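**Student:** Structure provided below as structure tokens; questions to follow.
The values are calculated or read from the model by the stated rules, or taken from the named source; none is laboratory data. Keep in mind that what you see is a predicted model, and the values were worked out from it rather than measured. For neighbour counting, all protein chains shown are included, and Cβ atoms are generated from backbone atoms with ideal geometry for every residue, glycine included. Side chains are part of the model used for accessible areas, which takes the heavy atoms of the whole protein and leaves out ligands, DNA and RNA. Shrake-Rupley method; radii C 1.70, N 1.55, O 1.52, S 1.80 Å.
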Amino acid sequence: MERPQIQEQAIEEGRDTTSRRLVDGLDEALEALIAEGYSIRCIFTSPEGAARLFLEAGEDAINLDSDPEQDRAWYGPFELSPTTDGETLILYCLGEECWFKTLEGH
């Protein structure tokens, strides 16, 4: 089985490749929150995080809004909003009460 190109590049550059992929952690967190009855309002990630999602999950992972007047992107059915702090956060809600979940180790 071939290693993904991003992992191959990381090995060549001497980076740790044992950490989990962002896309795997994000998908697991989304599935767990939805299974517990929460709704997902938005995912916040840095430009680097968005690039990781794109590289790890493929070109269909992130979709731009079809309206050229909108500067919005989507990860599946969830809106993806930019942040500059480097963390990936999920805004999840139960009714009108909302919280943030930080993805650890990504």
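**Student:** Express the carbon and sulfur contribution to the solvent-accessible surface of the range 23-91 as a percent, rounded to the nearest whole number, probe 1.4 angstrom.
**Tutor:** 51
**Student:** Okay, moving on. Could you give me the ³J(HN,Hα) list for the range 32-37, computed from phi with Karplus coefficients 6.51, -1.76, 1.60 and θ = phi - 60°, whole Hz, x at Gly and Pro?
**Tutor:** 5, 5, 5, 4, 7, x
**Student:** Please get the size of the charge dipole for the range 33-101, origin at its Cα centre, with Cβ charges of +1 on Lys and Arg and -1 on Asp and Glu, quoted in debye to the nearest 20.
**Tutor:** Using Cβ point charges on Lys, Arg, Asp and Glu, the range 33-101 gives about 200 debye.
**Student:** Would you pull out the residues with amide H under 5 Å of C42's amide H, same chain only if 5 or more places away, H placed 1.01 Å from N?
**Tutor:** L91
**Student:** Which part of the range 82-96 falls in the paramagnetic zone of Q70, meaning amide N under 15 Å from the point 7 Å along Cα-to-beta-carbon?
**Tutor:** Answer for this model: 82.
**Student:** Can you bin the range 23-72 into rounded, prolate or oblate? Criterion: square roots of the alpha carbon gyration tensor eigenvalues sorted a ≥ b ≥ c, rounded for a/c under 1.5, prolate for a/b above b/c, oblate for the rest.
**Tutor:** oblate
**Student:** Is the shape of the range 64-104 best called rounded, prolate or oblate, per the rule: a/c under 1.5 gives rounded, else a/b larger than b/c gives prolate, else oblate, with a ≥ b ≥ c the square roots of the Cα gyration tensor eigenvalues?
**Tutor:** oblate
**Student:** Within the set of other residues whose C-beta is less than 10 Å from the C-beta of V23, count the net charge using Lys and Arg as +1 and Asp and Glu as -1.
**Tutor:** Around V23, the surrounding residues sum to -1.
**Student:** Quick check for you: with a 1.4 Å probe and neighbouring chains kept, what is the accessible area per residue of the range 55-106, in Å²?
**Tutor:** Accessible area per residue: 69 Å².
**Student:** Would you grab the residues whose amide H sits under 5 Å from the one on T83? Only those 5+ places off in sequence or on another chain, please, with H modelled 1.01 Å from N.
**Tutor:** T45, S46
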